[in-house]
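Down below is the structure, laid out as structure tokens.
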Amino acid sequence: MVNTQSKYNDKARVLGIICSQFPEMHETFVIRELSALKQGGIPIAIYSLKRCRDHVRHPEANAVLPEVRYAAWSDPRVWLSGLAELIRRPGFSFWALSWVLRNHRWPAGDLAKGLVIWIQSLALRRRMAKDGVEHVHAHWATFPTTAALIVSKGLGKPFSFTAHAWDIYVSNRSLVEKLKRAARVITCTEYNRKYLQGLCKENAGKVVLNYHGVDIKKFMPRGLRDKAAGKKNSAVKFSVGEPPEERHLPLLLSIGRLVPTKGYENMLQAYRQLHEKGIEFRSVIVGGGPLRAKLDALISEFKLSGIVRIETGKSQLELRDLCETAYAFVLASEVAENGDRDGIPNVILEAMAMGLPVVTTTISGIPEAVRDQRTGLTVSPRDPEQLAKAIDFLLRNPDFTALLGQRSRETAEAFFDQRIHMGRLVNQMKTLSNKTIPAPSWAADEGGKVKC
């Protein structure tokens, strides 16, 4: 395992944080939260189950990279450390194995991943004990939290986890038990909070809401940035574009991975309807993913070439520049066949902070931010006709569109300023990592599944 020498002394109450991969380009919210914890004075150690595979890294990750230890399955040292733990602590090790087999036995892919996580967790217990970890936290309720639960058992220390979106709603047979055994569960939408509380009502109070929020200083309309910088003759301008003209077509911007939950196929069908009616616009979709080839084919089939283009590899500052030129932000989120769905996509909050009206769907926690006819327009998911009508309405009503954009910025400032939510997160984690919390009641239990 990388960084084999612990830098923490015996008195440090270290917060050990398990991530699937760190840094991860599409998880800017995780980077922001970990940076906030470090800046908040909490000694943190980040344990990544995978090495970073991204070609583009956000600069914000650099501040916490020194705290990262990689426990990748491809590292022989991880397997050797796991084997040593198995030999020295067979009771704990076989308890962990039985837990994995009980909760990740099917499908076969999950079983294979679970067995790897078992070995990684044994190695992590040894490393975290050396680092003086007093509390274990995981991002995502799937395999990272499986590792946190196992390590917590081995250390005799409490654990918590942050549940986001897909990790809650896809098949996750161990979720209820994780809710029961965790000291705290943090989630990023009220929609998620109510859902998780409903799964384990006896422990509903441990599930807390903390929005990811948005950096309202970084994502700020140019007029506001100029005013903040003291530039003269710089009016605060919330105008987000111009009505359709021959020489200046309004830009409809979409950002997000090219996956089923983003609803791009339905969005392209809506764009085809607009184009067939002679409504002029242009669109940029920023993202990469498994649907790229299919979406390229649909753009060609729908005769949208030259109107819609897909771009990849944009930094946050480049995305901000795109927002400056956009007329509206469009994201047709939907529930995938496996139950996967968005929470509140961070790109929606960033667009709102940039003063853009948002056209989106009523999926999951999105209406908590995008209020219909207040900060944008919301339609039913998988309804291209409704989506096309909403976009058409904005294109034909630029004054109302500008008003929605102004209200979007005001809402981002009032309710989603990350400084507020990061402060709350730091306080939560300080309570968990600094407070003397008794070892979990199940720490000595070698047996069965906890029930709510």
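Every number here is computed from the coordinates shown, using simple stated rules; none is lab data. The structure displayed is predicted, hence computed values, not measured ones. Every residue, glycine among them, receives a Cβ derived from its backbone with ideal geometry; neighbour counts consider all protein chains shown.
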| query | What is the Cα coordinate range of the range 222-415 on the first, second and third principal axes, sorted by size from largest, in whole angstrom? | reply | 49, 38, 31
| message | What's the magnitude of the charge dipole for the range 222-415 around its Cα centre, counting Lys and Arg as +1 and Asp and Glu as -1 at the beta-carbon? Answer in Debye, nearest 20. | response | 520
| Per the helix-only calculation at 222 nm, which mean residue ellipticity applies to the chain, given -39500 (n - 2.57) for every DSSP H run of n ≥ 4 and division by its residues, nearest 500 deg cm²/dmol? | -13500 deg cm²/dmol
| Selection from Ser305, Trp79, Thr378, by position along the positive dipole direction of the chain (Cβ) | Trp79
| In debye, nearest 20: dipole of the chain around its Cα centre with unit charges on the Cβ of K, R (+) and D, E (-)? | 1740
| request: Report, in whole Å, the centroid distance computed from the Cα atoms of the range 306-374 and the range 95-117. | output: 36
| said: For the range 134-177 and the range 197-214, what is the centre-to-centre distance using only Cα atoms, to the nearest Å? | reply: 14
